[in-house]
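Beneath this line is the structure, given in structure tokens, with notes to follow.
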Amino acid sequence: MDCRYSSTLEALEQLRAESISAGGEQKINNQHGKGKLSARERIDLLLDDGTFEEFDVLKKGRGVVTGEQKTFPGDGVITGHGTIDGREVFVFSQDFTVVGGSLGEAHAQKICKIMDLALSVGAPIIGLNDSGGARIQEGVDSLAAYGEIFHRNVRASGVVPQISCIMGPCAGGAVYSPAITDFVFMVQESSYMFVTGPNVVKTVTHQDITSEALGGAEVHAKKSGVTHFTVPNDVLCLREIRRLISYLPSNNKQRAPLLDLSDPIDRIDPALDYLIPENPNQTYDMNVLIYSILDGAEFMEVQSQFARNIICGLGRLGGQTIGLVANQPAVLAGVLDNDASMKAGRFVRFCDAFNIPLITLVDVPGFMPGPDQEHDGIIRHGAKLLYAFTEATVPRISVIVRKAYGGAYLVMNSKHIHCDVNYAWPTAEIAVMGLKGATEVIHRKEIQAAEDPEAMLQAKMDHYRRTTVNPFLAAQRGYLDDVIFPRDTRHRLIRTLQMLEGKEKILPARKHGNIPL
Ligand code: HXC
């Protein structure tokens, strides 16, 4: 045997081992002590067994600019590619045990390398973030390095799915890479995101606040809407990322993979005929309809705790991934407000970018009235949802199940903004405004002059409902393609999706539109 060759192999083994255990056992124990997995354990759980191929395991930084000159093999991040359910993905996993996972020049170069490859081969990018942020010793080099990542996030946006998972600290400008990506996961209690931390908040505003209260998973799930999914621990988080990937195409040129859940396409649900309460002011849970129609009653809801008056998420119909947007009458009567418009607008644009057909289930009493909403920009924000639906060229199908009033009717994927196929249940109420408000406006004098104003109001409302607030007028005009039996909704949607399979829409050339951001 060639001795020189043998020693080279040994050298390689030695170098790899150094990189793999760069942080040392104690720091991995610390990580476990905080309920966190190590960067490598996370990759193992994320990817199909034995499929991870690592790059740059031997890469080192130039060393810190000031202080003791020290380099770290792997430079605090593990990068490479592997498969999820047999499909290629690229992944980086920041290693908090090596200089706090802080991002220096070489660390960022490793991330940029896999981002470039992901873009050129058309595969999703998954970032597992656990980092103290910009590596302080590397100064402006580490800021420049962040800029390179941001640049690639933007270039990859709408080309390959980008998923960020926050599994530790994520502070300062570092938050902007996840913010640009399509979906953000946060692990409860071990992750936080903020632009300025509690110390700076204290100095500037004199407020005492913990990291958790300032930027923990709960806050971003319920208040800011920064996170799309919150999960109790690392293991469940990685499982949920795998589930999300199963709904998505690998890039914007492909369709999402078909998955047959053995749910008959012509399955009817007679209970849906009785879902809508007789009293139009009574609420019901839109989830009953959603879970009834989707394949295998499987639904991956996005931002489930934010703007709960609108429901967005991914499911399947006849094996095909669909993006679902539904008003939720059980929360704020399903009204559209600022947060709901932004949440749904972004989701619609994601689906459109990645060839995912859109299904809309409509029960919307209008836009939220009041100075708070007006002053916070409901005109701008509502316009985002209008813009998003209108620009979407994927197959679009809408079902009006109850209320569809005024501008909100138009915005929620109506025929008038070129939705492909529009259905309504017989319980649909399509009108300029709600029954009572409309009757009071057009019959005010008669009601005031009546001996019994209440009875007159009721009589006028009944008349208005019979003649105007129903789906039949819109069906006569062709604004609805059919009024369907609720029990048949699943079957009708699947057949319509099959019909729309070959939909193509050629748009005029332009650099990009100007969505009201
Ligand atoms: C260099 C860092 C570091 C950083 C942590 N470390 N953050 N080294 N640059 N940004 C090192 C620590 O010195 C320590 O090294 C090890 O990582 C673990 O950190 P600990 O403090 O012991 O861990 P913990 O108590 O869990 O606290 C974690 C932490 C804290 C909350 C993240 O380390 C921290 O506050 N770090 C600074 C965070 C920060 O301000 N970053 C800059 C944000 S601004 P040893 O050798 O002791 O183990 C930013 C701008 C981005 O990122 C701009 C983009 C445009």
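Quick notes
- Test: residue in the stretch 225-243 that is at positive phi, assigned to a loop (DSSP other than H, G, I, E, B), of a type in the set (Gly, Ala, Ser) and surrounded by 14 or more Cβ atoms within 10 Å (Cβ to Cβ): yes
- Qualifying positions in the stretch 302-316 - closer than 19 Å to Arg255 by Cα and surrounded by fewer than 24 Cβ atoms within 10 Å (Cβ to Cβ): Gly313, Gly315, Arg316
- Taken as a whole, the condition of being within 17 Å of Phe299 (Cβ to Cβ), basic (Lys, Arg) and touching a residue at least 40 places away in the same chain (Cβ under 8 Å) applies to Arg239.
- Residues in the stretch 98-131 that are β-branched (Val, Ile, Thr), closer than 19 Å to Met193 by Cβ and at pLDDT below 95: there are none.
- Identity of the residue in the stretch 424-463, basic (Lys, Arg) and under 17 Å from Pro280 (Cβ atoms), that ends up surrounded by the most Cβ atoms within 10 Å (Cβ to Cβ): Lys460
- Lone qualifier among Asp182, Asp116 - being surrounded by fewer than 23 Cβ atoms within 10 Å (Cβ to Cβ) and acidic (Asp, Glu): Asp116
- Every residue from the stretch 280-292 that is within 21 Å of the chain's Cα centre (by Cα) and over 23 Å from Asn470 (Cα atoms): Asn287, Tyr291
- Of all residues in the stretch 1-55, those satisfying the criterion of being modelled with pLDDT of 90 or more, small (Gly, Ala, Ser) and surrounded by 12 or more Cβ atoms within 10 Å (Cβ to Cβ) are Gly35, Ser38, Ala39.
- Some residue of the stretch 72-79 being more than 18 Å from Ser38 (Cβ to Cβ), in contact with an Asp or Glu (Cβ under 7 Å, 6 or more places away or on another chain) and surrounded by 17 or more Cβ atoms within 10 Å (Cβ to Cβ): no
- Which listed residue, of Gly50, Gly101, is at positive phi and in contact with an Asp or Glu (Cβ under 7 Å, 6 or more places away or on another chain): Gly101
- Among residues of the stretch 449-484 being of a type in the set (Phe, Trp, Tyr) and part of a helix (DSSP H, G or I), the one that is modelled with the lowest pLDDT is Tyr464.
- Any hit, the stretch 182-191, residues being hydroxyl-bearing (Ser, Thr, Tyr), within 16 Å of the ligand (Cβ to nearest atom), more than 20 Å from the chain's Cα centre (by Cα) and assigned to a helix (DSSP H, G or I): no
- Against the conditions (1) of a type outside the set (Lys, Arg); (2) in contact with a strand residue (DSSP E or B) (Cβ under 7 Å, 6 or more places away or on another chain); (3) touching a residue at least 60 places away in the same chain (Cβ under 8 Å), Ala156 satisfies every one except (3).
- Segments classed as helices (runs of 4 or more DSSP H), wholly inside the stretch 333-448, with at least 3 members that are in contact with a helix residue (DSSP H, G or I) (Cβ under 7 Å, 6 or more places away or on another chain) and touching a residue at least 40 places away in the same chain (Cβ under 8 Å): 338-353, 378-391
- Residue match in the stretch 356-365 (condition: touching a Lys or Arg at 6+ places or on another chain (Cβ under 6 Å), within 19 Å of Gly315 (Cα to Cα) and not hydroxyl-bearing (Ser, Thr, Tyr)): yes
- Residue match in the stretch 197-211 (condition: more than 12 Å from the ligand (Cβ to nearest atom), under 24 Å from the mean Cα position of the chain (by Cα) and free of Cβ contacts under 8 Å to residues at least 60 places away in the same chain): no
The values are calculated or read from the model by the stated rules, or taken from the named source; none is laboratory data. Everything numeric here is computed off the predicted structure, so don't read it as measured data. Note that each Cβ is placed from the backbone with ideal geometry, even for glycine, and that neighbours are counted across all protein chains shown.
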